[in-house]
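The values are calculated or read from the model by the stated rules, or taken from the named source; none is laboratory data. Since we're looking at a predicted model, the values are computed, not measured. Note that we place each Cβ from the backbone using ideal geometry, even for glycine, and neighbour counts take in every protein chain shown. For accessibility, only protein heavy atoms count, side chains too; no ligands or nucleic acids. Shrake-Rupley method; radii C 1.70, N 1.55, O 1.52, S 1.80 Å.
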Amino acid sequence: MSAAKKEYKRVTVKSLVDMKANGEKISMLTAYDYTMAKILDSAGIDVLLVGDSASNVMAGHETTLPITLDQMIYHASSVVRAIERCLVVVDLPFGSYQSDPKEALRSAIRIMKESGGHSIKLEGGKEVKESIKRILNAGIPVMGHLGLTPQSIYKFGTYTVRAKEEEEAEKLMEDALMLERIGCFAIVLEKVPAKLAKQVADAISIPVIGIGAGNGVDGQVLVTHDMIGMTHEFHPRFLRRYLDLYKDMTGAFESYITDVKSGDFPNKKEQY
């Protein structure tokens, strides 16, 4: 039985740790613009992720790799201006932290100063340990990301489930423990077996947010455009569509076109 839900006037990194301790699941979705972020915040979402998935969703790229730090700051700034309650996490994009811990810190500082975001997220375990430590030492909260890490898609060669083999599963657990030990406030686990994800969530005190990682973790995240059906080509097993906006919006646009061409819009009540 989960504990009674606490009302948070503002969600902070501490709030998420408290939610896990109290058995309250954490809700997280993506946002890239002011209008969508305002709706999501008003609905009561706990966390908004300004994800590098904007590269796919907003710009039409095949992968997350092309999006730049400047573009992430633009999207994050738009989101931050909209919110009153939720925690905003901003992805560090590919190339902004992997090569050098000093570069990683500069990138994180730019996001925090120029966008007003509350925290950053980056992909990887021990390979990026020094970058994470340097960012944390500057007082910037960090969310980790393990399992399928989309910025490494050309290394993996596929978006298939990760850590099915024992060796990779052991490394994932070691990395999760390390991320907790050095001070990350939460971890995203993407496309890993549900049993392993639960083991990780049970082994650490910080929240584990899953996407394609089963129900044994501390919260869930989806890409908003996927779960409301604005995108329609993407059909992974973990995705639940709560709306079919592609169909509804297409119908509305077709009706508008018809009304304009027939002269029905605007009618006498819709003009001055």
Surface accessible to a 1.4 Å probe, per residue, for the residues of the range 13-243, Å²: 44
The range 13-243: radius of gyration over Cα atoms, expressed as a fraction of 2.2 N^0.38 Å: 0.92
Degrees, to the nearest 10: 245-262 long Cα axis against longest axis of the chain: 20
Accessible-area ranking of R85, R10, R110, largest first, probe 1.4 Å: R10, R110, R85
Dipole of the chain, positive end: most advanced residue of I39, G124, L172 [Cβ charges, Cα centre]: I39
Relative contact order [Cα under 8 Å, 6+ residues apart], the range 13-243, whole percent: 18
Point-charge dipole on Cβ atoms (K/R +1, D/E -1) for the chain, about Cα centre, debye to 20: 680
Folded to 0 to 90 degrees: helix 101-115 orientation relative to the chain principal axis, Cα: 40
Sulfur and carbon atoms: percent of accessible area, the range 1-102 [1.4 Å]: 56
In degrees, nearest ten, helix 194-203 long axis to first principal axis of the chain (Cα): 60
Globularity ratio of the range 1-138, using Cα Rg and 2.2 N^0.38 Å: 1.07
CD proxy at 222 nm, helix term only [per DSSP H run n ≥ 4: -39500 (n - 2.57); per residue of the chain; nearest 500]: -12000 deg cm²/dmol
For the range 167-234, alpha-carbon Rg over 2.2 N^0.38 Å: 1.20
Stokes-Einstein D for the range 125-272, Kirkwood Rh over Cα pairs, 25 °C, 0.890 mPa s (µm²/s): 135
